[in-house]
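The next block holds one structure in the form of structure tokens; read it before the comments.
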Amino acid sequence: MNLYKVKDYQALSKKAASVLAAQVILKPDAVLGLATGSTPAETYAYLRKWHEDGILDFSEIKTVNLDEYKGIAKDNSQSYYTFMKEHLFDHINIKAQNTFIPDGEDTDSNSVCEKYEAQIMQLGGVDLQLLGIGRNGHIGFNEPSDCFMEHCHCVSLAESTIEANKRFFDRAEDVPKQAYTMGIGTIMKAKKILLLASGKEKAKALCQALRGPVTPGLPASILRLHKDVTVIADEDAWSGMEL
Ligand code: F6R
């Protein structure tokens, strides 16, 4: 594992964007695995800027997102589809047909997940997977449980995840209770993984992921078994490592 501690969220975002930019430059037709949420928002701002400056060309890049809420319309302001359009896709020269997100509008879980898993394989797998980490150690929406789920699946969100994500919705009751997510096996098949952690509320999960036992009770801990993982954490997220 390559571990980088940086000062703050801005430094984390710039470094993360640089890793993604290097991938785009070195392999212009790469498959990028993307995440949503607060953590990568500023990383995407750098990518938008570097595209605008003529540094990054996304015309042959393909993207697969980690997850999407189940039963949410694409045009819902809180769908991950909308998030990706607003934060990245609408501002760069990526082809819409090269961007993939589980279909949250389709409530046939088996069909959505099988199709998504097959789609990722058809693209040749993920070259670089970007990940955030949940306060409970989840990656994608693989919540703590007693087994690692291999493939894309439908998951019931943990209470703590619903609690954490309600900040994006008008009312807590509006947060969807289920989501489609890449499985741990899907994530672990990525050639390279980039995990970001920012803020004190991630300190405990990050420390457990990097130092505790490898267990489905703390899903991010599995990353220690991957051969090419880079972790970028800001000082707040890193603070649990110094106790
Ligand atoms: C998002 C995702 C989640 C988030 C995690 C952290 O696509 O898969 O695992 O990365 O919940 O969310 P933020 O960055 O909002 O703290």
Matching entry among Asp174, Asp146, Asp170 (being more than 10 Å from the ligand (Cβ to nearest atom) and either among the basic types (Lys, Arg) or in contact with a Pro (Cβ under 7 Å, 6 or more places away or on another chain) (or both)) | Asp146
Kindly indicate which of Ala190, Ala209 is buried (at least 21 other Cβ atoms within 10 Å of the Cβ) and either within 11 Å of the ligand (Cβ to nearest atom) or more than 15 Å from Ser145 (Cα to Cα) (or both).
-> Ala190
Residues of segment 95-123 being in contact with a strand residue (DSSP E or B) (Cβ under 7 Å, 6 or more places away or on another chain) and more than 11 Å from Val64 (Cβ to Cβ), in sequence order, are Gly104, Ser109, Val112, Cys113
Reported set for segment 177-187 where residues are more than 10 Å from the ligand (Cβ to nearest atom) and either in contact (Cβ under 8 Å) with a residue 24 or more places away in the chain or crowded, with 19+ Cβ neighbours inside 10 Å (or both) is Gln178, Tyr180, Gly183, Ile184, Gly185, Thr186
Would you point out which residue out of Ala11, Ala30, Ala22 is free of Cβ contacts under 8 Å to residues at least 40 places away in the same chain, on the phi < 0 side of the Ramachandran plot and away from the ligand (no atom under 13 Å from the Cβ)?
-> Ala22
Across segment 58-75, which residue is nearest to Tyr44 (Cα to Cα) among those that are assigned to a loop (DSSP other than H, G, I, E, B) and within 15 Å of the ligand (Cβ to nearest atom)?
-> Leu66
Return only the number of the condition from (1) assigned to a loop (DSSP other than H, G, I, E, B); (2) open to solvent by less than 20 Å² (accessible area, probe 1.4 Å) that Leu32 does not satisfy.
-> (1)
Among (1) within 14 Å of the ligand (Cβ to nearest atom); (2) surrounded by fewer than 24 Cβ atoms within 10 Å (Cβ to Cβ); (3) assigned to a loop (DSSP other than H, G, I, E, B), the one test that Asp236 misses | (3)
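Those residues that are in a loop (DSSP other than H, G, I, E, B) and within 11 Å of the chain's Cα centre (by Cα), I need them from segment 133-146; list them, please.
Ile133, Gly134, His138, Gly140, Phe141
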Of the criteria (1) open to solvent by less than 30 Å² (accessible area, probe 1.4 Å); (2) within 19 Å of the chain's Cα centre (by Cα); (3) not acidic (Asp, Glu), which one Arg224 fails | (1)
Return yes when Asp90 is in a loop (DSSP other than H, G, I, E, B) and surrounded by fewer than 20 Cβ atoms within 10 Å (Cβ to Cβ) and no when it is not.
-> no
Every residue from segment 76-109 that is among the acidic types (Asp, Glu) and either under 17 Å from Lys177 (Cα atoms) or at pLDDT below 95 (or both) = Asp103, Glu105, Asp106, Asp108
Taking segment 16-43 and keeping residues of a type outside the set (Val, Ile, Thr) and in contact with a Lys or Arg (Cβ under 9 Å, 6 or more places away or on another chain) leaves Ala17, Gln23, Asp29, Ala30, Leu32, Ser38, Glu42
Can you tell me which of Gln78, Gln119 is at negative phi, touching a residue at least 12 places away in the same chain (Cβ under 8 Å), surrounded by fewer than 22 Cβ atoms within 10 Å (Cβ to Cβ) and not in a helix (DSSP H, G or I)?
-> Gln78
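For every residue, the table says whether it meets (1) touching an Asp or Glu at 6+ places or on another chain (Cβ under 8 Å); (2) assigned to a loop (DSSP other than H, G, I, E, B).
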residue: Phe148; (1), (2): no, yes
residue: Gly185; (1), (2): yes, no
residue: Ala190; (1), (2): yes, yes
residue: Ala203; (1), (2): yes, no
residue: Cys207; (1), (2): no, no
residue: Leu210; (1), (2): no, no
residue: Lys227; (1), (2): no, yes
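The values are calculated or read from the model by the stated rules, or taken from the named source; none is laboratory data. It should be emphasised that the depicted structure is a prediction, and the values quoted were computed from it without experimental measurement. Don't worry about glycine lacking a Cβ; one is built from the backbone with ideal geometry, like all the others, and counts go over all protein chains shown. Just so you know, the surface numbers come from the protein's heavy atoms only, side chains and all, with ligands and any DNA or RNA stripped out. Shrake-Rupley method; radii C 1.70, N 1.55, O 1.52, S 1.80 Å.
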